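Quick notes on the structure that follows.
Rule-based calculations on the coordinates, nothing more; no lab input. Not measured: the values here are computed from a predicted model. Backbone-built Cβ (ideal geometry, glycine too); neighbour counts: all protein chains shown.
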């Protein structure tokens with residue numbers, strides 16, 4: 001185990017890294033040791049987690065805490081008293097709400113939900129059974145709604161374990177509303193109800209049980225003696241699943257996978273075995289690499305950026321990437337390709353710089369243990385994956401990582417890997433261009449500016465949440481807020497989409513403007529940093545000025561709120577003819593006289609949506 | 001035997017010197033959860049399975065020691 005965060009805390013790093021964790025009591029001991037020495041958690045990120053379970057959740061607190069320590073997180077955990085979960089949820093003054101958690105793990109098990117009906121479903125008539133699933137589903141919904149009304153915490157709702165035994169044996173699935181069907185119906189009702197909800201996330205506990213094995217997940221002795229419904233031995237596995245939710249909440253998710261080539265993306269060494277000698281494709285010795293690449297491609301399609309860090313002859317490697325018939329990943333999938341004889345550490349830094357993301361956003365795959373150790377040692381922020389020697393286990397290793405999660409997946413998110421790869425081509429084109437205007441003209445940009453609608457609102461909200469650099473006011477808005485603005489006649493919410501000859505950038509900017517009659521106020525004006533400097537921001541400004549002019553407004557008021565990160569936006573209003581008139585409560589008010597002519601860039605084609 | 005004492009001391013987080021045949025469930029460390037934890041870790045470490053009846057019968061370290069030597073004999 002390694003401490004993944006770049007926490008500069010050597011003592012805790014040593015304790016956490018070198019303590020063997022073979023059993024629950026090891027976790028509990030390490031937990032007690034660290035809790036006694038708060039100095040070990042200096043520099044850790046904080047989070048508050050509540051565990052509400054319908055059975056004894058003892059041990060979970062300590063194991064989950066240790067799992068968090070390993071990531072440089074110092075959690076505060078509230079566990080509801082034994083069988084008190086529903087009282088805690090229903091009572092507005094309960095400890096749960098005063099604790100004010102950021103994540104709530106709501107874990108109600110099948111036996112508790114069904115009571116006697118779990119064992120005796122067929123003592124109920126078919127008509128009664130027919131209503132069981134909707135009745136039980138509404139009971140769960142009622143609890144979730146109550147939590148939603150009282151907190152803004154992310155709710156991780158466990159679905160139900162589908163039983164593997166039935167008194168009816170092989171004819172169980174010939175029944176109308178049999179017990180197995182009832183549980184499956186509840187699970188699908190839960191899934192469907194929260195598909196578009198940003199607060200409630202269904203944790204597929206049934207799938208987790210299958211992964212461990214439903215025969216193993218419960219230790220009946222422990223269940224009868226202590227009402228323990230998850231075998232103690234598997235609590236660490238369960239907590240690993242919870243980390244998948246905690247990481248994105250603390251911005252610990254990874255964005256980019258950096259790959260070695262020889263014996264990682266293909267079998268063998270291309271410099272020695274040659275183009276025809278490497279192992280890749282539908283053969284016994286090539287299939288593991290081929291499928292590993294396919295899985296990487298599926299991650300690319302969900303928005304993960306890919307890059308190469310390989311010691312190789314660039315020509316040999318590029319020939320494989322371009323021409324090998326079974327190469328799944330091609331040049332167009334990589335945002336940065338460092339194929340050379342430089343050391344892997346400088347290459348890694350170069351990749352981060354190239355793509356303009358932090359080293360702590362990188363995950364590194366390399367079959368060579370020495371390379372891995374070198375990189376890990378020099379760059380502790382990088383998550384270096386312990387790739388097994390056996391290439392048949394590569395896919396499994398990759399698929400079990402929980403580092404790439406986000407709570408939201410917009411179309412822009414899904415296209416991110418592709419957009420960064422296109423950016424590489426743009427950068428190459430910029431590097432070979434002799435003057436910047438020629439480069440911008442060559443990009444053949446088409447910009448669409450249109451009013452927010454149900455398709456663009458999630459992305460607009462996300463941009464306000466995530467954009468730090470070119471952001472005039474850094475006001476963070478939820479989807480609900482944006483929706484409200486867009487329905488309000490005195491507000492205009494605009495989204496900006498950019499397409500150029502290298503590809504579609506998606507929605508990269510937005511503005512929220514308040515029409516106050518003679519004066520129009522720019523509440524929000526922001527652009528994603530990868531498009532800044534392409535004069536799209538000037539085009540949007542000119543669009544707003546023209547819209548205001550049409551409605552006989554006289555003055556456009558741009559607001560600016562300085563933050564630690566928005567220096568790139570600092571001089572925008574000044575450079576575009578605005579005058580600072582007032583500064584009050586950290587807000588600067590810049591005014592533009594709308595009767596003045598504003599020239600917008602002529603090399604961008606504007607499409608009004 | 002020494003290994004068992006070590007394991008018990010480790011699970012309960014107590015000094016191994018305290019672990020003798022008289023060490024019993026009336027001690028603070030040996031609460032009901034730790035009891036189950038102990039059984040679970042013994043099963044894992046020794047590759048055996050104790051019955052629910054045996055699990056309940058263990059009241060002292062002496063009981064545990066005798067039970068395990070019986071189980072080990074049966075396995076031989």
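Annotations
- Counting only the Cα atoms, the range A:364-448 fills a convex hull of 176 Å³ per residue.
- Taking the square roots of 5 times each eigenvalue of the Cα gyration tensor of the range A:418-478, largest first, gives ellipsoid semi-axes of 29, 14, 12 Å.
- Column: log10 I(q)/I(0), Debye, Cα scatterers of the range A:261-399, q = 0.15, 0.18, 0.19 Å⁻¹: -0.71, -1.07, -1.21
- Base-10 log of normalised Debye intensity for the range A:43-249 (one unit scatterer per alpha-carbon) at q = 0.08, 0.16 Å⁻¹: -0.28, -1.12
- Shape index of the range A:251-331: Rg/Rh, with Rg the Cα radius of gyration and Rh the Kirkwood radius from the inverse mean 1/r over Cα pairs, equals 0.98.
- Extension gain, residue A:580 back to residue A:442 (0.36 nm per residue minus Cα-Cα distance, nm): 46.1 nm
- Peptide B:12-19 has a mean shielding of 1, counted as Cβ atoms of other protein chains within 10 Å of each residue's Cβ.
- Ascending count of other beta-carbon atoms within 10 Å, so fewest first, for A:476, A:322, A:111: A:322, A:476, A:111
- Taken over the C-alpha atoms, the range A:124-240 has Rg and Dmax values of 16.0, 45 angstrom.
- With Cα atoms, 0 to 90° folded angle of helix A:416-432 axis to chain A main axis: 30 degrees
- For A:23-30, mean number of other protein chain Cβ atoms within 10 Å: 4
- Percent of beta bridges antiparallel (DSSP, the range A:43-249, rounded to nearest 5): 0 percent
- Three-way shape call for the range A:1-140 based on the alpha-carbon gyration tensor, with the a/c threshold at 1.5: prolate
- Descending Cα extents along the principal axes, the range A:338-377, whole Å: 27, 21, 15
- Acute angle (nearest 10 degrees) that the helix A:369-378 long axis makes with the longest principal axis of chain A, alpha-carbon atoms: 60 degrees
- In nm, spacing of pseudo-spin labels at residue A:319 and residue A:396 (7 Å Cα→C-beta vector): 3.6 nm
- Rounded if a/c under 1.5, otherwise prolate or oblate - the range A:406-452, Cα gyration tensor axes: oblate
- Computed over chain A, Kirkwood Rh from alpha-carbon pairs, angstrom: 27.6 Å
- Footprinting exposure proxy for A:409, A:541, A:483 (fewest neighbouring C-beta atoms within 10 Å first): A:409, A:483, A:541
- Relative contact order (%) - chain A, alpha-carbon pairs under 8 angstrom, separation at least six: 9 percent
- Per-residue mean of foreign Cβ neighbours for B:34-41 is 6 (Cβ atoms of other chains, 10 Å radius).
- For a label point 7 Å along the Cα-to-beta-carbon line of residue B:59, residues of the range B:23-47 with backbone N under 12 Å: B:24-26
- As a calculated quantity, the FRET efficiency between residue A:82 and residue A:128 at R0 = 25 Å, using C-beta atoms, amounts to about 0.25.
- Degrees between helix A:457-466 axis and first principal axis of chain A (Cα, 0 to 90, nearest 10): 80 degrees
- Cα gyration tensor, chain B - rounded (a/c under 1.5), prolate or oblate: prolate
- Per residue, the convex hull volume that the Cα atoms of the range A:445-608 enclose (Å³): 110 Å³
- Counting DSSP beta bridges with both ends in the protein assembly as shown, the antiparallel % (nearest 5): 45 percent
- Burial ordering of A:434, B:49, A:397, fewest other beta-carbon atoms within 10 Å first: A:434, B:49, A:397
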